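Report on one structure; see the data block that follows.
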Amino acid sequence: MNLLAVVGEALRALRLNRLRTALTMLGMIIGVAAVVLMLAVGQGAQTTVNQAISSMGSNLLLVVPGATSSGALRSAAGGVQTLTMGDAQAIAHLPSIKATAPIITGTAQLNYGANNWSTSVTGVTPDYFAVRDWAAESGALFTEADLRSGTRVVILGQVTAKNLFGEEDPTGKTIRIKNSPFLVGGVLTPKGQSLDGRDQDDAVFIPLTTGQRQVFGNQFPGTIRFMMAQARSAEVMDEAETEMNRLLRQRHRLSEGMENDFTVRNMAALAAVATGAAKVMSIMLGAIASVSLLVGGIGIMNIMLVSVTERTREIGIRMAIGANRRAILGQFLLEALVICILGGLIGVALGVAGAWAVSLATDMVVVITLGMIALAFAFASAVGIFFGFYPARKASALRPVEALRYE
Amino acid sequence: MPSLHPTAFEDCLIRVENVSKIYSLDTSGGASASVNSQVLFDVNLVIPRGQFVAIMGHSGSGKSTLMNILGCLDTPTRGHYWFDGRDIAALSDDELARVRNHNIGFVFQGFNLLKRMTALDNVATPLLYAGVSRAESRKRALALLDQTGLVKFAAYQPSQLSGGQQQRVAICRALINNPPLILADEPTGNLDTQTSREIMAIFQMLNREQGITVVLVTHEDDIAAYTQRLVRLKDGRIVHDEATAQ
Ligand SMILES: Nc1ncnc2c1ncn2[C@@H]1O[C@H](COP(=O)(O)OP(=O)(O)OP(=O)(O)O)[C@@H](O)[C@H]1O
Ligand SMILES: [Mg+2]
């Protein structure tokens, strides 16, 4: 019996039991749809995390004031400011460090014409943009000269630019920060969300000196809020961390046994933790969905076993007129496979639709790849073969007389 | 007409030697409790090509058991069965399936057509198992139904046919691969006298005009009268075997 004929027989048998076929298929459909949806959500989470990490800049170390003894930040934001411009410059000279970016921050009201917008204002040096690997989309970034003279120039993040200017081109326009006029130098490329979920594009940047002298009115001149340092390569990250700790202890005159009044955080390690968490989550989602596929598979086995028993006489007749074991095995295996493949196709469609609905209804990112669909599909077929095989073999192992005598 | 009991090996389509069949019954209860019941006792039967044989006997005498062995649906517990010179015991499952497909047409008392399948597809199915394409199978099945005057029922399902019509479709199915042997276990058992006569006429025609060997089981003397040879079974033994009184 050729394959086409076997497929024909299988399809005919499935058609004869439409309701049962549909119900069995439903198990498969739900399983496959769940797998596709969960994989898509998991992959989406991973993508979000990866984007946040790559938007951070590469080989970054963060230095914040305050110790982190007993796991908690003792000196929270607004506490003693122990880091200085001098610290930043000294760290920049360490052999493992490529550049540092001292940073001061605050929140301020911005105005352009009738529009106003409250956002974070960050004072940085030109190196900041290099360290963050952040370029201007239009206009230009400010320079060392601007830093030295404390020019009133501002670089806008995408979101802030949109909110103040709408469709207008902000470059060359003047906005007011805390009522002082600032010339818009340019607009940055979009960065998206940071690891902690902030929108990095809702921010503006001014020269550090301008911020210190004219905007924030610093009570401790020369101190900074925190700093970023970029190591020369991924390999020297640990070395850089050690060197920075040693240098800062020395500069802050901390004697043996005294606690650090600063904390160096290795962003690569942080990123690794976040990536790991996202990966674990997506694996878990996939595993949970697989369970429903498995349940669907057991449903198929159940139905096929019933079908074998119910059709014992038919099997006997087929054997009496010349069907060999392979033909019987093939017929029942194909019935299981057809259920799985059809169910798999519908399930994939449903899963993709579900993922699309999720992305519309929530701000979750979902990612569907061809590999994911292929995986769900392959898994469904494997389940079909695996759970279809036992009943099919049972059918084909029947002895013709016994099958014929079955009532 | 060839002799009733040929001895030349090549003349025999069926050669049964000392065949016994013992069923072991698992009586419910203990695993060790099984009862053997012997249904056939050292049966010897030789049937030459082209013969028309009737097997008779009381209910439970082992007729169906013998027919199932002849039809390669079952195997003897002891003894040998040569079909067309081949020792059946030496054949694999696949080879047995091939023999059933190509060389033996089985007709049952209860027709045993495949439900919810048209008469045409029922007749065509053995061809599918023989590896013939579906289109060709259908074509040949239709031609056969046409010859037997059943073509107007081609699209009917068994449940839409009378008993006589179903049995004629079943005979077509048995014939589709041109087997040299037709085995019929009480083919007229479920049919009225008139229809039984029509069915017997078909078997007689197949035997006379196409030289097909026909072995059938019956309870009725007037059915047995159509045949050339009568084998009588009693309690699993052949007690009578001679030419039918015509
Ligand atoms: N699978 C089986 N297991 C045990 N005993 C069986 C089995 N099949 C048949 N028998 C026994 O074998 C004996 C012969 O059965 P068989 O069907 O051959 O009789 P028969 O001559 O065809 O009878 P009938 O004319 O009623 O069809 C019976 O006593 C029956 O109980
Ligand atoms: Mg019987």
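Give me Rg over Rh for segment B:63-115, both radii from the alpha carbons and Rh done the Kirkwood way, two decimal places.
Looking at segment B:63-115, the ratio lands at 0.98.
Using 0.36 nm per residue of separation minus the Cα-Cα distance, give me the extension gain between A:S54 and A:T189 in nm, one decimal. Could the numbers behind the result be given before it?
On the way: separation 135, 0.36 × 135 = 48.60 nm, distance 1.38 nm.
Going from the current span to full extension adds 47.2 nm.
Along segment B:130-136, what does the Karplus equation 6.51 cos²θ - 1.76 cosθ + 1.60 (θ = phi - 60°) give for ³J(HN,Hα), rounded to whole Hz, x for Gly and Pro?
So the J values, rounded to whole Hz, are 7, x, 7, 5, 4, 4, 5.
Could you tell me how many cubic angstrom of Cα convex hull volume segment A:81-260 has per residue?
Roughly 127 Å³ of hull volume per residue.
Please give the average number of partner chain Cβ atoms lying within 10 Å of the Cβ of each residue in A:46-59, rounded to a whole number.
Partner Cβ neighbours, averaged per residue: 0.
Kindly report the accessible area of the protein assembly as shown per residue (heavy atoms of protein chains, probe 1.4 Å, no ligands, DNA or RNA), in Å².
The answer is 46 Å² per residue.
Using heavy-atom solvent-accessible surface (probe 1.4 Å) with all chains present, what is the largest-first order of A:H93, B:H219?
Highest to lowest solvent-accessible surface, that is A:H93, B:H219.
Could you give me the ³J(HN,Hα) list for segment A:235-247, computed from phi with Karplus coefficients 6.51, -1.76, 1.60 and θ = phi - 60°, whole Hz, x at Gly and Pro?
Working through the residues one at a time gives 5, 9, 4, 5, 4, 4, 4, 5, 4, 5, 4, 5, 4 Hz.
In nm, give the distance between the simple-model label positions of A:A67 and A:R405, each being 7 Å from the Cα along the Cα-to-Cβ direction.
Each label point is offset 7 Å from its Cα along the Cβ direction, giving 8.9 nm.
Of all beta bridges DSSP finds with both residues in segment B:6-243, what is the antiparallel percent, to the nearest 5? Walk me through the intermediate numbers first.
Values: 24 of 42 bridges.
For segment B:6-243, the DSSP antiparallel bridge percentage is about 55.
In segment A:355-407, how does Rg compare with the Kirkwood Rh, expressed as the Rg/Rh ratio over alpha carbon atoms?
Expressed as Rg/Rh, it is 1.42.
Suppose R0 equals 22 Å. What FRET efficiency, 1/(1 + (r/R0)^6) with r the Cβ-Cβ distance, do A:T362 and A:A287 give to the nearest 0.05? Write down the numbers at each step before the final one.
Details: r = 22 Å, r/R0 = 1.00.
For R0 = 22 Å, the calculated efficiency reads 0.50.
Students often get this wrong, so check it: of B:K21/B:K234; A:K98/A:K178; B:K115/B:K152; A:K162/A:K279, which have C-alpha atoms separated by over 24 Å?
Values: B:K21/B:K234 14 Å; A:K98/A:K178 34 Å; B:K115/B:K152 18 Å; A:K162/A:K279 34 Å.
The pairs that break the limit, which is 24 Å between Cα atoms, are A:K98/A:K178; A:K162/A:K279.
How much accessible surface area, in Å² rounded to 10, belongs to the heavy atoms of B:T75 with a 1.4 Å probe?
We get 60 Å² for B:T75.
Using only alpha carbon pairs under 8 Å that are at least six residues apart, calculate the relative contact order of chain B and give it in whole percent.
About 26 percent, as a whole number.
Counting only Cα, what are the radius of gyration and maximum Cα-Cα distance Dmax of the protein assembly as shown, in Å?
Rg and Dmax of the protein assembly as shown, Cα atoms, are 44.1, 133 Å.
Given the options A:G157, A:S120, A:T105, identify the residue whose Cα lies farthest towards the positive end of the charge dipole of segment A:94-169 (+1 on Cβ of Lys, Arg; -1 on Cβ of Asp, Glu).
Going by the charge dipole, the pick is A:T105.
Hey, got the dipole for segment A:81-260? About the Cα centre, +1 on K and R Cβ, -1 on D and E Cβ, debye to the nearest 20?
680
For a quick protection proxy, order the peptides A:24-31, A:184-191, A:259-266 by their average other-Cβ count within 10 Å, most packed first.
A:24-31, A:184-191, A:259-266
Using a Förster distance of 56 Å, how high is the FRET efficiency between B:E242 and A:I385, based on the Cβ-Cβ distance and rounded to 0.05?
The formula returns an efficiency of 0.45 here.
May I ask you to derive the relative contact order of segment A:117-178, considering only C-alpha pairs under 8 Å and at least 6 residues apart, and to give it as an integer percent? Provide the component values of the computation, followed by the final result.
Numbers: 21 pairs, mean separation 21.3, N = 62.
That works out to 34 percent.
With each label point set 7 Å from Cα along the Cα-Cβ vector, what nm distance links A:N116 and A:A277?
Label-label distance for A:N116 and A:A277, simple model: 3.7 nm.
Roughly speaking, to the nearest percent, how much of segment B:6-243's 1.4 Å accessible area is carbon and sulfur?
Roughly 46 percent of what the probe reaches on segment B:6-243 is carbon or sulfur.
Note down the relative contact order for chain A as a percent, whole number, built from C-alpha pairs under 8 angstrom at least six residues apart. Intermediate results must be reported in sequence, preceding the final value.
Details: 723 pairs, mean separation 123.2, N = 407.
Relative contact order, chain A: 30 percent.
Mind checking the mean number of beta-carbon atoms from other chains within 10 Å of the Cβ atoms in A:8-14?
2
Just reorder B:W82, A:W134, A:W356, A:W117 by solvent-accessible area, largest first, 1.4 Å probe, all chains present.
Sorted by accessible area, descending: A:W356, A:W117, B:W82, A:W134.
Quick one: if you stick a label point 7 Å off each Cα along the C-beta vector at A:L19 and A:R148, how many nm between them?
That separation, rounded to one decimal, is 8.9 nm.
Would you work out the Kirkwood radius for chain B? I mean one over the mean of 1/r across all pairs of different Cα atoms, in Å.
It works out to 18.8 Å.
Any idea of the total accessible area buried by the A-B contact, 1.4 Å probe, rounded to 100 Å²?
By this definition, chains A and B bury close to 2400 Å².
So, by mean Cβ neighbours within 10 angstrom, what's the order for B:156-162, B:177-183, B:222-228 with the highest one leading?
B:177-183, B:222-228, B:156-162
Name the residues whose placed amide hydrogens come within less than 5 Å of the amide hydrogen of B:I55, ignoring near sequence neighbours (fewer than 5 apart) on the same chain.
B:L216, B:V217, B:T218, B:V231
Would you please report the Å³ per residue occupied by the convex hull of the alpha carbon atoms in segment B:13-119?
In segment B:13-119, the Cα hull volume divided by residue count equals 169 Å³.
For peptide A:32-45, compute the average count of partner chain beta-carbon atoms within 10 Å of each residue's beta-carbon.
0
If r is the Cβ-Cβ distance from B:D192 to A:I298 and R0 is 45 Å, what FRET efficiency results, to the nearest 0.05? Don't jump to the answer; show the numbers that get you there.
Working: r = 50 Å, r/R0 = 1.11.
Efficiency, from the Cβ-Cβ distance: 0.35.
Using only the alpha carbons of segment B:31-77, what is the convex hull's orientation-averaged projected area in square nanometres?
Its average projected convex-hull area is 4.7 nm².
Provide the gained length on full extension for the span A:R326 to A:S255, in nm with one decimal, where the gain is 0.36 nm per separating residue minus the Cα-Cα distance.
17.2 nm
Label 7 Å along Cα→Cβ of A:S233; segment A:81-100 residues with amide nitrogen under 15 Å?
A:95-98
The values are calculated or read from the model by the stated rules, or taken from the named source; none is laboratory data. Please read these numbers as outputs of a predicted model, since none were measured by experiment. Reconstructed Cβ throughout: ideal geometry from the backbone, glycine too, with neighbour counts over all protein chains shown. Only protein heavy atoms, including side chains, enter the accessible area calculation; ligands, DNA and RNA are left aside. Shrake-Rupley method; radii C 1.70, N 1.55, O 1.52, S 1.80 Å.
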